1. Out of contact with any helix residue (DSSP H, G or I) (no Cβ under 9 Å at 6 or more places or on another chain) and closer than 16 Å to Cys253 by Cβ: does that describe Thr39?
2. Can you confirm whether Phe276 is hydrophobic (A, V, I, L, M, F, W, C), open to solvent by less than 10 Å² (accessible area, probe 1.4 Å), farther than 26 Å from Val329 by Cβ and more than 30 Å from the chain's Cα centre (by Cα)?
3. Tell me yes or no: at least one residue of the stretch 56-66 is surrounded by fewer than 19 Cβ atoms within 10 Å (Cβ to Cβ) and free of Cβ contacts under 8 Å to residues at least 12 places away in the same chain.
4. Restricting attention to the stretch 155-168, does a residue exist that is in a helix (DSSP H, G or I), free of Cβ contacts under 8 Å to residues at least 60 places away in the same chain, surrounded by 20 or more Cβ atoms within 10 Å (Cβ to Cβ) and among the small types (Gly, Ala, Ser)?
5. On the given criteria, is Leu139 over 27 Å from Gly169 (Cβ atoms), over 27 Å from the mean Cα position of the chain (by Cα) and part of a loop (DSSP other than H, G, I, E, B)?
6. Do we find that Arg476 is assigned to a helix (DSSP H, G or I), of a type in the set (D, E, K, R), closer than 18 Å to Leu404 by Cα and open to solvent by 70 Å² or more (accessible area, probe 1.4 Å) in this structure?
7. If you take the residues of the stretch 128-149 that are open to solvent by less than 20 Å² (accessible area, probe 1.4 Å) and free of Cβ contacts under 8 Å to residues at least 40 places away in the same chain, which of them is nearest to Gln187 (Cα to Cα)?
8. For the stretch 327-351, enumerate the residues that are in contact (Cβ under 8 Å) with a residue 40 or more places away in the chain and in a helix (DSSP H, G or I).
Amino acid sequence: MTLPEPMSDPSYLKGLNEPQRKAVLTTDGPVLMLAGAGTGKTAALTARLAHLIATRRAWPSEILAVTFTNKAAREMKERVGRIIGEAVEGMPWLGTFHSICAKMLRKYAELVGLQSNFTILDTDDQLRLLKQIVQAAELDEKRWPARQLAGLIDQWKNKGLTPADVDAGESERYANGKGGELYKIYQERLKALNACDFGDLLLHMLTILKTHRDVLESYQQRFKYILVDEYQDTNASQYLWLRLLAQANKNICVVGDDDQSIYSWRGAEVANILRFEKDFPGAEIVRLEQNYRSTPHILGAASGLIAQNGGRLGKTLWTEIDGGEKVEVIGVWDGPEEARRVGELAEDYQRTGGSLDDVAILVRAQFQTREFEDRFIAIGLPYRIIGGFRFYERAEIRDALAYLRLVNQPADDLAFERIVNQPKRGLGDKALAKVQMFARAEGIPLSLAAARILDSDELTPQARRALGGFIGDLARWRDMAASLPHHELARQLLDESGYTAMLQADKSAESAGRLENLNELVRAMEDYETLGAFLEHVSLVMDNDAGADGEKLTMMTIHAAKGLEFAHVFLAGWEEGVFPSQRALDEGGIASLEEERRLAYVAITRARQKCTIFHAANRRIYGQWTSSIPSRFIAELPSEHVEQESSFSGGESLWRANWAQSADPFAHIARSTGRGPGWQRAANSYSTAPTRIVEARGSAVSLGSKARSDLAVGQRVFHDKFGYGQIAEIEGNKLEIDFDQAGRKRVIDSFITLA
């Protein structure tokens, strides 16, 4: 039912457009507020909440308002408070899924075998308990890490699966079929401890609502109205919980955007919002399409891109904002050139009166920030990392650097302390304390103390073996450092220490990114002549004053940028295999491709005035130069909203044609994985495009892939960074060169001149 418009609008309706007003005033029955990026959904949701209270359709305590973050809950409460005053303090059911379920569970804990004063375990406590369970099951914790089991249990709980619901197929995902049994043991241990983890808060309440009709009916009667923010991000447990609570009076309003569903890796299911009309027949669908953030060209580019997705409800963003620049697509030679160009454009923006606080670089994966960080420190451009650590401050990078520091300088006690038991080697606190005491008594470094204490009977046989193995590894790596290139030493060290295997065994969403970061670290080391020179560079980077006041450019992943906006946005690394992510395509097929495209849509719509997309012809992946083709997403941008850098116009038409939609829905996947003729045609677009000359590292180089004909094995050559050397091998346009000072390096022929 839609209420008649009052004679004089209350304050909360002023400034709303017609669709927003409809979303506020349609109070009875199910409502889906389909809110595009930048369309004022928070204002509409807040006004709806205020309207329900101001018109006395419900008391504040009769409204269930669910958000995904505490920050969003606080913001909503503050906004409503400014409208309706102190009445907002009577809203006990405004909060996150977890906070609301925790409040419910305190009241009905005994129905799932808990007491009302149960403890909520944090991640560390959860892992500690799971390690005990894995050890009791006599499983090899290196082969079957507890963290992997924790991630699997979290997935099951997000799907609403109790141990009884886990079938044999799911159980096979851990320890050859023991996953379900260990999940059951874990839940029993939690009950014995009168504890639960975060996943249990929802799962236990879901179980209670399903099995105790009286509890379900009491909450259905209590909540006259339900409001849900970011509905596209709900997982199966959250969806089932909400559907149960809303089935009685069906006064549920969900706000979301299927085009911004980008969190499947943590359990979100876009299908929840797509089937809302089926779950609640007769639901009112209100589309918020007027965008208040971006220029017409930015919206046109984003809308044209997302229209390529099949699984969506559909909407078209528009704006009353006039003018604006087209989305700019710039091709560069490689990653360092990309960082240089972005730095120059950011400085130009600042010189013309813009603030660096209004500039952002968005990347698909965290490892991509490293080259930008190095460049910005070199030119003195201040920056901040949002949603993560600076590259050299990340835990896995600091661990790897500690290994390298200890190889380079055996007296580095801080490095020794950090990695002597990382990964775990079976060295307990008592053994390490004895090494510390011995070192202090003798006045010697820890690594030397560890070597000497092996000759005593101070340690248990197990500790002596573990420590002896570590000291032996350090000695061997130091010997290797004399002959092996330092980047190769780093890769071998990470493998032989077990660090790489530790991350590979970790099946959590973060582990793949951590491995990518380590590969980027090894790649970065190639640019320095010695291990000592690289470590000195890192020290200078770490010494950069991250806390300095003043304007700063922002760097973050696209996932972390959701909900934010900036005047000028740089989108880096739009190449096949980087974005869309090759790993995502390999693991998820068409569904993952559509989520990657939604991620691209989110990235573009963060920009208010200017959006610049970069793609590189070459990337160094795992230490090897790899030719790249532009992301298919670039080809899907409507040409009337895009401005290509003029030197790339010839190739643009070729790869746009190559990435055209195919009748075969799996053609995109075949191209991206190298299976199918489309990939080869797209890959050839660089060599068939007109030769274009760009500035790279101060030299004029051809951006074609044709190898130079004036080079031969044995010739003397010169490189700007590595100096003089002799060609050892030639493979196309890639050369293996033995440099006089830097050792053997693999370089592109365009970067060298004849000596």
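1. Working: out of contact with any helix residue (DSSP H, G or I) (no Cβ under 9 Å at 6 or more places or on another chain): no; closer than 16 Å to Cys253 by Cβ: yes.
Against the criterion (out of contact with any helix residue (DSSP H, G or I) (no Cβ under 9 Å at 6 or more places or on another chain) and closer than 16 Å to Cys253 by Cβ), Thr39 does not qualify.
2. Working: hydrophobic (A, V, I, L, M, F, W, C): yes; open to solvent by less than 10 Å² (accessible area, probe 1.4 Å): yes; farther than 26 Å from Val329 by Cβ: yes; more than 30 Å from the chain's Cα centre (by Cα): no.
Criteria not met by Phe276.
3. Keep residues of the stretch 56-66 that are surrounded by fewer than 19 Cβ atoms within 10 Å (Cβ to Cβ), which gives 56-59, 61-62.
Filter again for free of Cβ contacts under 8 Å to residues at least 12 places away in the same chain, leaving 56.
Looking for residues that are surrounded by fewer than 19 Cβ atoms within 10 Å (Cβ to Cβ) and free of Cβ contacts under 8 Å to residues at least 12 places away in the same chain, one finds at least one in the stretch 56-66, hence yes.
4. First pass over the stretch 155-168, keeping only residues in a helix (DSSP H, G or I): 155-158, 163-165, 168.
Checking the rest, the ones that are also free of Cβ contacts under 8 Å to residues at least 60 places away in the same chain come to 156, 163-165, 168.
Of the ones still in play, those that are also surrounded by 20 or more Cβ atoms within 10 Å (Cβ to Cβ) are 156.
With the extra rule that they be among the small types (Gly, Ala, Ser), the set shrinks to none.
Checking the stretch 155-168: not a single residue is in a helix (DSSP H, G or I), free of Cβ contacts under 8 Å to residues at least 60 places away in the same chain, surrounded by 20 or more Cβ atoms within 10 Å (Cβ to Cβ) and among the small types (Gly, Ala, Ser).
5. Details: over 27 Å from Gly169 (Cβ atoms): no; over 27 Å from the mean Cα position of the chain (by Cα): yes; part of a loop (DSSP other than H, G, I, E, B): yes.
Judged against the criteria, Leu139 is not a match.
6. Considered against the rule, which asks whether it is assigned to a helix (DSSP H, G or I), of a type in the set (D, E, K, R), closer than 18 Å to Leu404 by Cα and open to solvent by 70 Å² or more (accessible area, probe 1.4 Å), Arg476 comes out as yes.
7. It comes out as Leu149.
8. Let us first name the residues in the stretch 327-351 that are in contact (Cβ under 8 Å) with a residue 40 or more places away in the chain, namely 327-338, 341-342, 345-346, 349-350.
Residues satisfying the conditions are Gly335, Pro336, Glu337, Glu338, Arg341, Val342, Leu345, Ala346, Tyr349, Gln350.
The values are calculated or read from the model by the stated rules, or taken from the named source; none is laboratory data. Being a predicted model, the structure only gives us computed values, none of them experimental. Neighbour counts are summed over all protein chains in view; Cβ atoms, including those assigned to glycine, are modelled from backbone coordinates with ideal geometry. For accessibility, only protein heavy atoms count, side chains too; no ligands or nucleic acids. Shrake-Rupley method; radii C 1.70, N 1.55, O 1.52, S 1.80 Å.
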